[in-house]
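Participant: Right, I'll just put the structure down here and ask away after.
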Amino acid sequence: MLPTEVFTCFPGQMWDRVLSKVKKAVVFMDDKCAESLHWNGGATSVFESGARNLKQFSSFEAGGENEPKAVFVVSTLLKGRTADIIQDIVGLSHFQYCVVFTTVAHSIHLLANNVTAVLEGNPVFEQFEDKLCEWMGDMNYTAEVMHAPVVFAPVSPQLFLAPTFAHLFPLLPRDLETINMKRPEKKRFGSLTDVDLHSLTPELQIEIKSLASAVNSMFESTSTREESFALGPMSRLIAGELANHPQAKNRRKTAPNKASIVFIDRTLDLTGAAGHHGDSLVEKILTVLQPLPGHTTDVQVDMLELTNLQRTPDSQPTLAPGCLVQTQSSTARLLWETMLASKQKEAVMEVRRQLVEAASKENLPIKMGLGRVTPEQLCSYVQLFKSNWGALESHCGVIQLGLATAQTLRHPTLPRWDSCLAFERLLLQALGDSDFAGVLRQLLPLMKPRAVKGEEGSNSEYSSGSRSGEEECGPDELLVLLVYLYSLAGEAQPADDEGEEEKVERELIGALTLVITREAELSPLLQKLTGVEVCSSTTALMPDGSSPAVRLCSCCPGCGSIEELTMERAHTAVEGVFDTLRELSHARDHLKQLKSVYTASDGVHQAMYRPFLRQVLEEIFHPDRPESPDIEHMSGGLTDMLKTGFSMFMKVSRPHPSDHALLFLFLVGGVTPSELRLIREVVSAHKPGTQVLVLSTRLLRPTDVPELLFTTQRLVPDIGV
């Protein structure tokens, strides 16, 4: 059996290819590759490999006069905007040697250039090398272009994320309408399950092929033959592309190691993604702390408590933040893995234990505390290291995770998590007792504008009936609750009055529109949703240190203002939200067995959410190994097709996900920390000998779900062109 450590090493091995070229170079890297590097040794590894500088991949950056070598690391095609930026940087510099790494394989560059013939060598890369020499001003200078799949970020030994594909999300029925608009009436698709890869936009085709290529590179590097399975339309396309990948066919003939990989669409269970029932410390950290700029997963940890600086509006930008990634310290790395895989109480107690142990090693005057762990207690332990630079340096990883925990537990917006959880439980019980219109009506009392600070108790027109207090749900949380509820809409009792649901929806649309227009500050989600552009001068940290909100101004041309965010504009945006929401309950309509994630109350037990992932794993690890009608095996060649065909008439065993001791689960659209713990528990209970590695496009927080549903260009992802 192939140990999982072999796969855990794969991302670092790919980065070693890049690092072998950075000696004496100035390195330019785009955000997606920078996030991957962040989890693979970080900037430290680049400088330890001999790089002179590390800069953002931007037309506003350049090398110095004494920097003749450049290395570019990009996650996009080498054409269009990406090529223009490289040309700008080279044109402003004095390079004589340029190396370009792209995560996009040469075969996909051929596709992007409409070349279907099989060509020897790497002609697209060779042409780009000539362009680089031309831009450097001398064809005798040196240029190299190569493919390096630095796509995966090893967040833990059991979880790989692919930041490059963080905005790849399964398609929705409204996307099907867009696809069908460009097809003849007789050739239009009836459902998303009928859509084939070639009917998608060129951008989405390239994105899917790039993802399949990255997974293939991992199996190629580890000499693994995989059996691919899929649940959901998007997963079917990705698994099919992997199964039919030209290099994969050759690999499978000789690869000595075997594994199964199951691709699962996130849209098959949005209840789990939008819910607050996970009891996960990491989920709460990701939700309430401000994300690192340009990152989808890691957050900024405020390090001010370890300094003598006073907290002022100007102090924040002068101090570099801490983060969750700890690649240098094995102790901190193990603590992070415990936080990721444990329930909140266990995780918090382990944080305290590690801080106490670190302080004891340094002979710091620590006062032991028993009972409940409080944020004040954690901060008091952290501050013991404040004036001891040796101790601070030795234990900085544990200290950052301790601060992240303390700042989350005392964050003023954290009570909203409990408010959302309480309301979700209420909605779950209501679903089994009334029709959907009745359940929707329970949301109306929440749909009230928040009181503006300084307005409470005033004679303001909106002060009566407005919501105040940090524990109350804001517009972002209301959108998450709507996703949660609509993803379960099919579980409600049949309606007596068909028009009642439409009537309640109209009331909700009007109420939510009012809530948004009365916001004093627009969150990043609301900015994207309403299309209001805001200048950087209006961005400011909240006084409590929470995620930056934006005060709308009318001073700058092209900057969104209060006047621009009209009732009509907000109403149109909210109507679009509800158009998407109505589609969510149909995501599992094509499934035959795994159609529900809800168990109604039986009078003894309360109604419960049944995680889709748990049901899939229980099906895979069932001792009788039944053939699931919903888990589709993707054939990779004639032999598999014949085996599948003959099994209809003869006793020929089809491939099954549990055939091999190594199982990959790839969640397309994101995975939550709670689901990582669920996977570990189910595997331990049903088949302890199986090793399971989770791959996903991102680590989800509840507020990511409305962004991916309502503001993401699913059919036209940004491929850098």
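Participant: Exactly one condition in (1) open to solvent by 10 Å² or more (accessible area, probe 1.4 Å); (2) in contact with an Asp or Glu (Cβ under 9 Å, 6 or more places away or on another chain); (3) not hydrophobic (A, V, I, L, M, F, W, C) is not met by Pro170; state its number.
Facilitator: Exception for Pro170: condition (1).
Participant: Here's something else I'd like to know. Take the conditions assigned to a helix (DSSP H, G or I) and within 21 Å of Gly41 (Cβ to Cβ) and apply them to Ala320. Does it pass? Reasoning before the result, please.
Facilitator: Working: assigned to a helix (DSSP H, G or I): no; within 21 Å of Gly41 (Cβ to Cβ): yes.
Judged against the criteria, Ala320 is not a match.
Participant: Within segment 278-295, track down each residue that is open to solvent by less than 20 Å² (accessible area, probe 1.4 Å) and assigned to a loop (DSSP other than H, G, I, E, B).
Facilitator: Of everything in segment 278-295, those that are open to solvent by less than 20 Å² (accessible area, probe 1.4 Å) and assigned to a loop (DSSP other than H, G, I, E, B) turn out to be Gly278, Ser280, Leu289.
Participant: To continue, here is another question. With the condition kept exactly as written, say whether any residue in segment 173-193 is within 24 Å of Pro655 (Cα to Cα), touching a residue at least 24 places away in the same chain (Cβ under 8 Å) and in contact with a helix residue (DSSP H, G or I) (Cβ under 6 Å, 6 or more places away or on another chain).
Facilitator: Yes.
Participant: Being within 31 Å of the chain's Cα centre (by Cα), open to solvent by 60 Å² or more (accessible area, probe 1.4 Å) and acidic (Asp, Glu) is the filter here, so list the residues in segment 494-520 that pass it.
Facilitator: none
Participant: Which of (1) of a type outside the set (Val, Ile, Thr); (2) exposed (fewer than 12 other Cβ atoms within 10 Å of the Cβ); (3) closer than 11 Å to Gln400 by Cβ is the odd one out, the single condition Ser330 does not satisfy?
Facilitator: Among (1) of a type outside the set (Val, Ile, Thr); (2) exposed (fewer than 12 other Cβ atoms within 10 Å of the Cβ); (3) closer than 11 Å to Gln400 by Cβ, the lone unmet condition for Ser330 is (3).
Participant: Same structure, new question: Quick check on segment 376-387: of everything there that is open to solvent by 60 Å² or more (accessible area, probe 1.4 Å) and part of a loop (DSSP other than H, G, I, E, B), which residue is modelled with the highest pLDDT?
Facilitator: Among those residues, the one meeting the criterion is Lys386.
Participant: So which pairs qualify, if the first residue must be in segment 426-450 and closer than 14 Å to Lys503 by Cα and open to solvent by 10 Å² or more (accessible area, probe 1.4 Å), the second must be at pLDDT 90 or above and among the charged types (D, E, K, R), the Cβ gap must be under 9 Å, and the two must be at least 6 apart or on different chains?
Facilitator: Note: pairs meeting the criteria are Arg441/Glu507; Leu444/Glu507.
Participant: While we're looking at this one, here's another question. If I ask for residues that are of a type in the set (Lys, Arg) and either under 21 Å from Thr82 (Cβ atoms) or touching a residue at least 40 places away in the same chain (Cβ under 8 Å) (or both), which ones from segment 24-55 would you list?
Facilitator: Residues satisfying the conditions are Lys24, Lys32, Lys55.
Participant: So, one more: Could you tell me which residue of segment 6-20 is nearest to Val73 (Cα to Cα), considering only residues that are open to solvent by 10 Å² or more (accessible area, probe 1.4 Å) and in contact with a helix residue (DSSP H, G or I) (Cβ under 7 Å, 6 or more places away or on another chain)?
Facilitator: Leu19
Participant: Return the residues of segment 233-290 that are modelled with pLDDT of 90 or more and among the charged types (D, E, K, R); say none if nothing qualifies.
Facilitator: Selection gives Arg236, Glu241, Lys258, Asp265, Arg266, Asp269, Glu283, Lys284.
Participant: Residue pairs, Cβ under 9 Å, 6 or more apart or interchain, first in segment 59-74 and in contact (Cβ under 8 Å) with a residue 24 or more places away in the chain and under 27 Å from Val721 (Cα atoms), second among the small types (Gly, Ala, Ser) and open to solvent by 20 Å² or more (accessible area, probe 1.4 Å). List them.
Facilitator: Cβ pairs passing all conditions: Ala62/Gly91; Val73/Ala34.
Participant: Another question, then. If the Cβ limit is 7 Å and pairs must be 6+ apart or interchain, which residue in segment 572-597 that is over 27 Å from Val515 (Cβ atoms) pairs with which residue that is among the acidic types (Asp, Glu)?
Facilitator: Leu591/Asp630; Lys592/Asp630; Gln593/Asp630; Leu594/Asp630; Ser596/Glu491; Val597/Asp269
Participant: For residues in segment 64-108 being farther than 18 Å from Phe47 by Cα and acidic (Asp, Glu), which is nearest to the chain's Cα centre (by Cα)?
Facilitator: Selected residue: Asp84.
Participant: Can you find, within segment 363-375, the residue that is surrounded by the most Cβ atoms within 10 Å (Cβ to Cβ) among those that are over 16 Å from Val301 (Cα atoms) and touching a residue at least 24 places away in the same chain (Cβ under 8 Å)?
Facilitator: If we take residues in segment 363-375 being over 16 Å from Val301 (Cα atoms) and touching a residue at least 24 places away in the same chain (Cβ under 8 Å), then Val373 is surrounded by the most Cβ atoms within 10 Å (Cβ to Cβ).
Participant: Would you mind finding the one in Leu304, Leu319, Leu292 that is touching a Lys or Arg at 6+ places or on another chain (Cβ under 7 Å) and farther than 17 Å from Pro673 by Cα?
Facilitator: That would be Leu304, the only listed residue that is touching a Lys or Arg at 6+ places or on another chain (Cβ under 7 Å) and farther than 17 Å from Pro673 by Cα.
Participant: Would you check which residues across segment 232-277 are touching a strand residue (DSSP E or B) at 6+ places or on another chain (Cβ under 6 Å), in contact (Cβ under 8 Å) with a residue 40 or more places away in the chain and assigned to a loop (DSSP other than H, G, I, E, B) and list them?
Facilitator: Matches in segment 232-277: Gly232 only.
Participant: I'm told Glu144 meets every condition in (1) crowded, with 23+ Cβ neighbours inside 10 Å; (2) touching a strand residue (DSSP E or B) at 6+ places or on another chain (Cβ under 6 Å) except one. Can you identify the failing condition by its number?
Facilitator: Just one mismatch for Glu144, condition (1).
Participant: Further question: Within segment 179-208, how many residues are among the charged types (D, E, K, R) and either part of a helix (DSSP H, G or I) or in contact with a strand residue (DSSP E or B) (Cβ under 8 Å, 6 or more places away or on another chain) (or both)?
Facilitator: So the count comes out to 6.
Participant: Next question, about the same structure. If you take the residues in segment 333-343 that are open to solvent by less than 40 Å² (accessible area, probe 1.4 Å) and within 21 Å of the chain's Cα centre (by Cα), which one is farthest from Thr297 (Cα to Cα)? Write out each step before concluding.
Facilitator: We begin by selecting, within segment 333-343, every residue open to solvent by less than 40 Å² (accessible area, probe 1.4 Å); these are 335-336, 339-342.
Applying the additional criterion that residues be within 21 Å of the chain's Cα centre (by Cα) yields 336, 339-342.
Working: Trp336: 14, Met339: 15, Leu340: 13, Ala341: 16, Ser342: 18 Å.
Within segment 333-343, the match that is farthest from Thr297 (Cα to Cα) is Ser342.
Participant: Also, quick follow-up: Take segment 593-607 and flag every residue that is closer than 10 Å to Gly432 by Cβ and either modelled with pLDDT of 90 or more or open to solvent by less than 70 Å² (accessible area, probe 1.4 Å) (or both).
Facilitator: Tyr598, Thr599, Ala600, Ser601, Ala607 - these are the residues of segment 593-607 that are closer than 10 Å to Gly432 by Cβ and either modelled with pLDDT of 90 or more or open to solvent by less than 70 Å² (accessible area, probe 1.4 Å) (or both).
Participant: Now, a different point. Quick check on segment 543-574: of everything there that is open to solvent by 80 Å² or more (accessible area, probe 1.4 Å) and under 30 Å from Leu176 (Cβ atoms), which residue is modelled with the highest pLDDT?
Facilitator: If we take residues in segment 543-574 being open to solvent by 80 Å² or more (accessible area, probe 1.4 Å) and under 30 Å from Leu176 (Cβ atoms), then Thr572 is modelled with the highest pLDDT.
Participant: I'd like to verify a number: residues in segment 684-713 that are over 20 Å from the mean Cα position of the chain (by Cα) and either open to solvent by less than 10 Å² (accessible area, probe 1.4 Å) or without any contact (Cβ under 8 Å) to a residue 12 or more places away in the chain (or both), how many?
Facilitator: Matching residues across segment 684-713 total 3.
The values are calculated or read from the model by the stated rules, or taken from the named source; none is laboratory data. These numbers were taken from a predicted model, which means no experiment stands behind them. Here the Cβ is made from the backbone with ideal geometry for all residues, glycine too, and neighbour counts use every protein chain on show. Just so you know, the surface numbers come from the protein's heavy atoms only, side chains and all, with ligands and any DNA or RNA stripped out. Shrake-Rupley method; radii C 1.70, N 1.55, O 1.52, S 1.80 Å.
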